[in-house]
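S.K.: To start, I am sharing the structure in question, which I have written as structure tokens.
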Amino acid sequence: MSKLWGGRFTKKTDQLVEEYTASITFDKELAEEDVQGSLAHVTMLGKQGILPADDVDTIKDGLHRVLQRIKRGDWEYAIADEDIHMNIEKALIDDIGPVGGKLHTGRSRNDQVATDMHLYLRKRVVEFVDLLQKLQSALLEQAKANLDTIVPGYTHLQRAQPILFAHHLMAYVSMFGRDAERLQDSYKRINTLPLGAGALAGTTFPIDRHFVAKQLGFDRVYENSLDAVSDRDFILEFLSHASIIMMHLSRLSEELILWSSTEFRFVELDDAFCTGSSIMPQKKNPDVPELVRGKTGRVYGNLIGLLTVLKSLPLAYNKDMQEDKEGMFDTVRTLQGALQLFAPMITTMKVNKDVMRQAVNQDFSNATDIADFLVNKGLPFRQAHEVIGKTVLYCIQQNKYLLDLSLEEFKQFSPLFDDRIYEVLQPVNVVNARNVYGGTATPQVTDAITRAERELDATAAWVTEYAEKSR
């Protein structure tokens with residue numbers, strides 16, 4: 001069969017050109033969305049009297065049969081038919097005859113493919129908000145189980161001040177919360193309908209774009225036909241948000257890798273999320289966080305790739321824009337896999353509380369509190385800072401920690417020291433002294449968990465509402 005667009009051409013497309021320009025190998029992922037959009041389009045054509053009712057019913061029946069074949073996997077996609085749109089249209093014509101050719105009345109592949117991607121991506125965004133919520137919930141449960149677990153807090157990967165392990169985990173709850181908010185905000189731009197823009201200038205047929213939008217659950221339509229077919233900002237925005245999520249996952253991965261090492265031993269990942277060595281039988285490798293950390297680069301690459309494709313394209317559609325899909329699909333798969341694995345990995349993670357407790361008892365992370373103690377005695381902070389610096393140096397030279405020093409040893413650095421210094425230096429008191437909003441004190445972290453749980457309830461309600469809208 002000749003090309004559906006072949007009337008103007010006198011020669012067959014070169015085989016290499018067909019293979020090089022075809023997108024069916026990857027855009028077949030849009031098959032269900034393509035049928036979904038076509039059903040809404042042909043319904044509108046009937047409503048507007050552009051197609052007779054009998055033709056509309058025949059086309060809709062044929063499209064439903066095509067959709068069932070797609071869902072069953074009973075389909076052989078042909079490179080000769082270029083893309084998912086032409087594959088489906090050809091299958092429809094083969095099924096119902098020439099009337100199937102009327103489906104494309106009043107539209108172009110340009111506005112058709114844009115619609116497919118909007119439909120596809122709005123579903124994925126809702127799914128990702130749900131997956132982020134599940135990860136936040138897993139982190140919250142670990143935080144609630146570790147409200148009495150103190151761990152060194154770090155700056156420059158050097159021990160800085162003791163904090164609750166729950167407080168550390170809640171930092172990631174906040175990060176992933178912002179990620180969910182960004183995705184939720186992007187939904188309104190994804191949920192804009194381009195169909196009806198035609199190839200670039202609209203159509204001569206009396207179509208009703210707002211009727212199609214309502215059928216498909218879109219909140220609005222593109223105001224400008226050129227913008228409708230050439231806009232890929234919604235994909236760039238998704239790729240950007242996905243890159244930030246992967247960056248957050250990569251940071252958490254790095255910490256899990258460090259914490260599960262023999263040098264730290266703060267946590268142990270469940271065997272189900274680790275692998276062994278083919279030669280060293282004692283090894284337990286944190287492959288999941290390592291691979292997530294590694295795959296972050298490919299997600300970044302997909303964002304930069306599409307930005308580069310779009311940076312100098314004139315309006316409206318150009319074949320370059322075919323390159324918008326593979327990176328989007330790859331990012332969806334990569335992010336989906338990472339988020340699906342992370343929640344159960346966090347849930348099953350064993351926290352070695354005793355090791356963490358030992359760590360904060362064998363470092364100088366409580367030194368800042370001695371300075372604050374002297375400041376409260378009237379010593380200027382800069383002088384107190386110097387006093388404690390000398391005290392820590394003395395401890396290092398004597399192979400001691402601050403709590404090992406006698407009161408006489410403390411007093412050789414300042415006469416302001418008294419017996420209360422030993423209470424001040426206790427890690428639990430160091431933690432609870434920071435009882436300010438957002439601080440690591442137990443009451444503050446407990447309140448933060450309560451607030452986060454309320455926010456997650458609101459997110460769950462959003463997912464339920466918008467999952468229904470995006471079907």
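Laboratory data are not the source of any read-out in this text; all were calculated from the coordinates shown. All values derive from a computational prediction rather than experimental measurement. Neighbour counts are summed over all protein chains in view; Cβ atoms, including those assigned to glycine, are modelled from backbone coordinates with ideal geometry.
S.K.: If we count every other residue with Cβ under 14 angstrom of Arg434's Cβ, Lys/Arg +1 and Asp/Glu -1, where does the sum land?
M.R.: Values: positive: none; negative: Asp369, Asp372, Asp447.
That sum, taken over residues with Cβ under 14 Å, equals -3.
S.K.: Separate question: At 0.36 nm per residue, minus the direct Cα-Cα distance, what do Glu254 and Lys28 gain on full extension? Give it in nm, one decimal, please. Don't skip to the answer; put the middle values down first.
M.R.: Values: separation 226, 0.36 × 226 = 81.36 nm, distance 3.58 nm.
Gain on stretching Glu254 to Lys28: 77.8 nm.
S.K.: For Asp270, project a label point 7 Å along Cα to C-beta. Then give me every residue of segment 349-366 with its amide nitrogen under 18 Å of that point.
M.R.: Residues 349-352 qualify, since their backbone N sits under 18 Å from the label point.
S.K.: Between [x] 27; [y] 23; [z] 38, which entry matches percent of Cα pairs over 42 Å apart as derived from the coordinates of this structure?
M.R.: This structure yields the entry labelled [z].
S.K.: Here's another thing I want to ask about it. For Thr308 and Lys353, compute 0.36 nm times the residue count separating them, minus their Cα-Cα distance, and round to one decimal in nm.
M.R.: Details: separation 45, 0.36 × 45 = 16.20 nm, distance 4.80 nm.
Taking Thr308 through Lys353 to full extension adds about 11.4 nm, to one decimal.
S.K.: Quick check on my link table: of Lys60/Lys469; Lys123/Lys284; Lys350/Lys400; Lys11/Lys102; Lys71/Lys311; Lys123/Lys295, which ones sit more than 27 Å apart, alpha carbon to alpha carbon? Kindly include the intermediate steps, with their values, before the conclusion.
M.R.: On the way: Lys60/Lys469 22 Å; Lys123/Lys284 37 Å; Lys350/Lys400 31 Å; Lys11/Lys102 25 Å; Lys71/Lys311 37 Å; Lys123/Lys295 23 Å.
Going by Cα-Cα distance, Lys123/Lys284; Lys350/Lys400; Lys71/Lys311 fall outside the 27 Å limit.
S.K.: Helix 109-145 sits at what angle to the longest principal axis of the chain, using alpha carbons and giving 0 to 90 degrees rounded to 10?
M.R.: Around 20 degrees separate the two axes.
S.K.: Just to confirm the number: angle between the C-alpha axis of helix 31-47 and the first principal axis of the chain, 0 to 90 degrees, nearest 10?
M.R.: 50 degrees
S.K.: So which aspartates and glutamates can Lys47 reach, going by Cα to Cα under 18 Å and dropping same-chain residues fewer than 8 places off?
M.R.: Answer for Lys47, where 18 Å is the Cα cut-off: Asp55, Asp57, Asp61, Asp208, listed by chain and number.
S.K.: Whole-Hz Karplus ³J(HN,Hα) for segment 199-213, in order, using 6.51 cos²θ - 1.76 cosθ + 1.60 and θ = phi - 60°, x for Gly and Pro?
M.R.: Values, residue by residue: 5, 6, 10, x, 9, 7, 7, x, 6, 10, 5, 5, 5, 4, 4 Hz.
S.K.: I've got another one for you. Amide H neighbours of Gly153 under 5 Å, at least 5 residues apart or on other chains, H built in the peptide plane: list them.
M.R.: Hits under the 5 Å cutoff: Ala160, Gln161, Ile163.
S.K.: Kindly express, to the nearest 10 degrees and within the range 0 to 90, the angle between helix 233-259's C-alpha long axis and the longest C-alpha principal axis of the chain.
M.R.: Here the helix axis deviates by roughly 30 degrees.
S.K.: Say R0 is 25 Å: what FRET efficiency, to the nearest 0.05, do Tyr154 and Leu407 get from their beta-carbon distance? Could the numbers behind the result be given before it?
M.R.: On the way: r = 30 Å, r/R0 = 1.21.
Efficiency for this residue pair is about 0.25.
S.K.: May I ask for the net charge around Arg265, where only other residues with Cβ less than 13 Å from the Cβ of Arg265 are counted and Lys, Arg are +1 while Asp, Glu are -1? Write out the running numbers ahead of the final one.
M.R.: Values: positive: Lys284, Lys350, Lys353, Arg357; negative: Glu263, Glu268, Asp354.
Once positives and negatives cancel, what remains is +1.
S.K.: On to the next question. At 7 Å along the Cα-to-beta-carbon direction for both Asp54 and Tyr422, put a label point, then send me their distance in nm to one decimal.
M.R.: It works out to 10.1 nm between the two label points.
S.K.: When the helices in the chain are scored as -39500 (n - 2.57) per DSSP H run of 4 or longer and the sum is shared across all residues, what 222 nm value do you end up with, to the nearest 500 deg cm²/dmol?
M.R.: Values: 19 runs with 292 residues, N = 471.
It lands at -20500 deg cm²/dmol.
S.K.: Rounded to the nearest 0.05, what FRET efficiency is calculated for Leu16 and Leu236 with R0 set to 30 Å and r the Cβ-Cβ distance?
M.R.: Working: r = 31 Å, r/R0 = 1.03.
The computed FRET efficiency comes out at 0.45.
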